[in-house]
Amino acid sequence: MRMCELLVGLPEVRVLGVDDVAGRPLRVHVASLLDQAWCRECGARASVKDRVEVVYVDLPCFGRPTRLVWHKERLCCRGRECPAGSWTVVDGRIASVRAVLTDRCARWCTIQVGRFGRSVNEVAADLACDWHTVNDAVLVYGEALLAADVDRVGAVDALGLDETLFVREGPRHLKRWCTSIVDVSSGGTAKLIDVIDGRTAAKVSEWIDERPEPWRDTIRWGVLDMSGPYRKVFDDSLPNATQVADPFHVIKHANSKLDECRRRVQNETLGHRGRKDDPLYRSRRLLTKGHERLDKTGAKKLTSLLKAGDPRGEVRMTWHAKETVRGMYDCDDPDAARAFIDELAADMAEPAMPVEVRSLAATLRRWRDLIVAWHDAKVTNGPTEAINNLIKRVKRVAFGFRSLRNYRVRALLYAGRPNWALLATITP
Ligand SMILES: [Zn+2]
C-alpha cells in the first residue's frame, strides 16, 4: 500500500490527488479499486460508462476541514438485451447512498456530540459544513446505537420520574415539558432510561405498561417529586413499588414557601415588590442557604436584615420551618422520622403560624408516608437532578431543540450511558 492510501485510511481506494486551496477545505480525490465489475442482473462483465465526482464531508485532516471527492465509476452491462441499464459504484464503508458525510465522519460526529456533549455548531465548524448535516448524522447513528444497545437498561431497583422543561416554543414562549425516566437504584450512578413527551400520568403510565412484566416486577421503589401526576403513575402502573418523595424536592418545596412568605411580607410592609436595597430582598439568598453553610458574617447579616424587614417575625418562622424540615433527613430511623414529621406538621399547623408555614404543614401531612419511605429506601432523585443538569448543558450548547426527537437522542447519548463500543458495529 502506498503512503497516500495509508494516510487516507479507506478500504480499497486509490488516491488520485489532493487539492489544497488556501482558506478552503482540503480536497482528497479517490477512486474505488475495481479491477472487474459484474452485472448484478445477468452476471456479464460490466464496462465503465463514465465517471462522476461525488463530494463528501470527511474527517478533518491535519487540523483542516476536508472533503472526500469520490470519483465514482458509472457502469453498464455489456450483455445484450440485459435490463440492468447503468449503475454507480456503491461502498457503504466509505459512504452510504445519498449521504452528505462519509461513514467514518458521521460516526465521529455522533461521538463528539453525543458522548462528549459538544455543540452541533462547534462540530459543524470543525468540518466546515452546516448544522443540519451534523445533526442529522447524530440522530441517525445515535438512534441506531440506542436501538442496538439492548443491554443498556438492566434490572431497576428504584425508578425515578422527573419533569424537565425542554423548550420554550413560539412567540409566546410556551413551555414544553417532558418526563425523564431514570434508574436511580442506590449503589449505581443514575442512568437516564428514556425521555417522553409531556408530564401527564397517562403518557408516563403508557410507557411503563409497555415494559415487560419481569422488568416492572423488579422495581421496589418509585421516586418522585411532589407532583400528583407521578404519584398517580406509580399508583396505576407500579402498585407494588413503595413510593418515595425525593428529599431534594421536599426541601425545594420548603424553600419555595419561604420565598413566598418573604415576598408577601415585603409587599405588606413596604407596599411594593422587592428592590435591591430592601432588607428582605437582600436576604433572599441567605434564607435559602442551609444554616450550616452560613458563616458567622452571613448569619449575622441575615439576623440584622430580618430584624429590619420582618417586623412580625414571619419570615424568620418560615425559615425555621424550612430548616427543621431539612433536619428531618438527619434522622436515620423511619419510626423516629414518622414521629418527628407528625409533631412538626402539628406545630406548623398552629393558627399563629404564617400562612405559608401552615400550607407547608398540609403538604407534609399529605406526603408523609412517602417522605418517611425515604428513610427505608435511601434513594433520591438527586442524581436525576444531576442528569437534568447534564441535559441543561446539552440544551445550552445546542442550537435550540424544536423537536423532542432531537432532544431525546441527545439526552440519551449523553446521560443514558450507552455502550459506545457498539457504535463500530452498527449500520444505520
Ligand atoms: Zn447484465
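Observations, loosely collected:
- When Arg104, Arg80, Arg98 are checked against the criterion of being more than 16 Å from the ligand (Cβ to nearest atom) and assigned to a loop (DSSP other than H, G, I, E, B), Arg98 stands alone in meeting it.
- Those residues of region 97-120 which are in contact (Cβ under 8 Å) with a residue 24 or more places away in the chain and either at positive phi or out of contact with any Leu (no Cβ under 9 Å at 6 or more places or on another chain) (or both), in sequence order: Ala99, Val100, Ala106, Gly117, Arg118, Ser119, Val120
- Single match in Arg67, Arg24, Arg2, Arg51 (criterion: more than 16 Å from the ligand (Cβ to nearest atom), charged (D, E, K, R) and surrounded by 16 or more Cβ atoms within 10 Å (Cβ to Cβ)): Arg67
- Residue count, region 157-196 (criterion: among the charged types (D, E, K, R) and surrounded by fewer than 14 Cβ atoms within 10 Å (Cβ to Cβ)): 4
- You will find that of Asp209, Asp197, Asp235, Asp217, the residue that is modelled with pLDDT of 95 or more, in contact with a helix residue (DSSP H, G or I) (Cβ under 6 Å, 6 or more places away or on another chain) and over 19 Å from His253 (Cβ atoms) is Asp209 and no other.
- Of all residues in region 250-275, those being within 25 Å of Trp221 (Cα to Cα), in contact with a helix residue (DSSP H, G or I) (Cβ under 9 Å, 6 or more places away or on another chain) and not aliphatic (A, V, I, L, M) number 1.
- Restricted to region 121-135, and to residues there that are touching a residue at least 24 places away in the same chain (Cβ under 8 Å) and within 20 Å of the chain's Cα centre (by Cα), the residue that is surrounded by the fewest Cβ atoms within 10 Å (Cβ to Cβ) is Glu122.
- Among the residues of region 107-131, those identified as hydrophobic (A, V, I, L, M, F, W, C) and part of a helix (DSSP H, G or I) are Trp108, Cys109, Ile111, Val113, Val120, Val123, Ala124, Ala125, Leu127, Trp131.
- Some residue of region 36-47 being away from the ligand (no atom under 16 Å from the Cβ) and either free of Cβ contacts under 8 Å to residues at least 60 places away in the same chain or surrounded by fewer than 19 Cβ atoms within 10 Å (Cβ to Cβ) (or both): no
- The residue that is nearest to Arg408 (Cα to Cα), counting only those in region 174-196 that are free of Cβ contacts under 8 Å to residues at least 12 places away in the same chain and part of a loop (DSSP other than H, G, I, E, B), is Gly188.
- In region 83-95, residue farthest from the chain's Cα centre (by Cα) [restricted to those that are surrounded by 13 or more Cβ atoms within 10 Å (Cβ to Cβ) and more than 16 Å from the ligand (Cβ to nearest atom)]: Asp91
The values are calculated or read from the model by the stated rules, or taken from the named source; none is laboratory data. Keep in mind that what you see is a predicted model, and the values were worked out from it rather than measured. For neighbour counting, all protein chains shown are included, and Cβ atoms are generated from backbone atoms with ideal geometry for every residue, glycine included.
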